[in-house]
Amino acid sequence: VGPGDDCAVLHTTSPFCITTDAVVEGVHFRRGDGPLEDLGHKALAVNLSDVAAMGARPRWFLCAIAAPSLTLAEVRALGRGMAQLAKRFSVALVGGNVTRARELSLTLTCVGTTAGRPLLRSGGRPGDTLYVSGTLGGASLGLRALRMRGHRFRGACRRQRRPEPRVALGLLSGKYASAAIDVSDGLLADLGHLLRASSVGAHLLASRIPVDVEVRRAFGASARALTTALVGGEDYELLLAVPGDRTSAFERACARAGETVHAIGHLVRDPGLSLLDGKGRLMRLPAAGFDHFRGRRR
Ligand SMILES: [Mg+2]
């Protein structure tokens, strides 16, 4: 039973994964940053990304809107952004709520189902290869570029405003990966979550980090390009640990499905995170992580 009753009614015979995430004016976006359609897209995309990180198929979502006032045209714009993405991934809106508030916010709850066991952060083992999908740093550059006049970073702005959840890759990874997380707070921060949950450490190879092409253009060969890729948040790529005996099958499956993944290092027994240069020498790690209560880098 979808919208229209006091509750939605969902029936599933498989385990389901449920997540919620909010985008709030003044914290996650400013009204002038872009069209409301993009905001609708992003609010759903960040939830789909969490479902994808569990190796689950997104099925249903609920949407709570709070706003000082919204015209019908504005509600439609938000809805269009969500609907386009929902249709692509066959996710149904089953309920929601609208309330008045001092600033605009969208709080979405998304439910996905898994065929087998969900992918957890805690499944990583020493020796597993670490993979990350796509490229990193673009969304972070985009956030700055949105407020710059006459910039040339269109791809980065798009990544910031309309992130692409890696739903197909998440589904495919369920068969191969031992652990997964989506990169929302930045590669180092999210890898840190996976390492703690799995009680392992990691060696990361700096030369293998897939730095976004516009981030390279913006910062050239300087250390800032790599730092942006390591700590910039909101790329919504997937970070996966895959046991050694499954890496070639995983890479073949990704190639067949047209999913881009990069092996960026591996898990080790000793706790802690080491960043290594091309000659295997230890590099300094930039400070990582996003403090959700301060709204800035720690
Ligand atoms: Mg997440």
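The values are calculated or read from the model by the stated rules, or taken from the named source; none is laboratory data. Bear in mind the structure is a predicted one, so any value in this text is a computation, not a measurement. Note that each Cβ is placed from the backbone with ideal geometry, even for glycine, and that neighbours are counted across all protein chains shown. The accessibility values were calculated without ligands, DNA or RNA, using every heavy atom of the protein model including side chains. Shrake-Rupley method; radii C 1.70, N 1.55, O 1.52, S 1.80 Å.
Values computed for the structure shown
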| quantity | calculated |
| --- | --- |
| Any hit, segment 41-61, residues being more than 16 Å from the ligand (Cβ to nearest atom), loosely packed, with under 12 Cβ neighbours inside 10 Å and either within 23 Å of the chain's Cα centre (by Cα) or over 21 Å from Ala115 (Cα atoms) (or both) | no |
| Residue check, Leu78 at pLDDT 95 or above, buried (at least 23 other Cβ atoms within 10 Å of the Cβ) and farther than 20 Å from Leu230 by Cα | yes |
| Count of residues meeting criterion [free of Cβ contacts under 8 Å to residues at least 60 places away in the same chain, of a type outside the set (A, V, I, L, M, F, W, C) and either in a loop (DSSP other than H, G, I, E, B) or under 25 Å from Leu48 (Cβ atoms) (or both)] in segment 221-241 | 1 |
| Exclusive hit being of a type outside the set (Lys, Arg), open to solvent by less than 20 Å² (accessible area, probe 1.4 Å) and within 16 Å of the ligand (Cβ to nearest atom), set Gly142, Gly201, Gly137, Gly192 | Gly192 |
| Qualifying positions in segment 145-188 - outside any helix (DSSP H, G or I) and within 14 Å of the ligand (Cβ to nearest atom) | Pro163, Pro165, Arg166, Ala179, Ala180, Ile181, Asp182, Val183, Ser184, Asp185, Gly186 |
| Residue match in segment 242-255 (condition: in a helix (DSSP H, G or I), over 25 Å from Arg144 (Cα atoms), polar (S, T, N, Q) and within 16 Å of the ligand (Cβ to nearest atom)) | no |
| Matching entry among Asp50, Asp38 (being over 22 Å from Tyr176 (Cα atoms), of a type in the set (Asp, Glu) and in a helix (DSSP H, G or I)) | Asp38 |
